[in-house]
1. Step by step: first the residues of the stretch 56-69, then only those that are surrounded by 12 or more Cβ atoms within 10 Å (Cβ to Cβ) and in a loop (DSSP other than H, G, I, E, B), then the one that is nearest to the chain's Cα centre (by Cα). Which residue is that?
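Rule-based calculations on the coordinates, nothing more; no lab input. This is a predicted model, so every value here is computed, not measured. Glycine also receives a Cβ, built like all others from the backbone with ideal geometry; neighbour counts cover every protein chain displayed.
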Amino acid sequence: MAYHDPNSQLYRSKDGAVLGGVCSGLSERFKVDVSLVRILFLLALLGVSIGFWIYVILWIVLPEKSDVR
């Protein structure tokens, strides 16, 4: 039987969320500062504007933290 680590899933987190909780959830999952994740999304948005679409897709696809088991 495989061990399931609940922290290995990606999710959106409302704790410290500004918009949809995507950056907050990613920062919790990868244990990095949320500011770094937000800066990376901002750079992706300003660079080739793909950051916006990635954020929107993740906002739609990722479950909220309370829904993750």
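1. If we take residues in the stretch 56-69 being surrounded by 12 or more Cβ atoms within 10 Å (Cβ to Cβ) and in a loop (DSSP other than H, G, I, E, B), then Leu62 is nearest to the chain's Cα centre (by Cα).
Conditions tested, residue by residue: (1) surrounded by 12 or more Cβ atoms within 10 Å (Cβ to Cβ); (2) free of Cβ contacts under 8 Å to residues at least 12 places away in the same chain; (3) under 18 Å from Ser66 (Cβ atoms).
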| site | (1), (2), (3) |
| --- | --- |
| Arg29 | yes, no, yes |
| Arg38 | yes, no, no |
| Leu45 | yes, yes, no |
| Val48 | no, yes, no |
| Gly51 | yes, yes, no |
| Ile54 | yes, no, no |
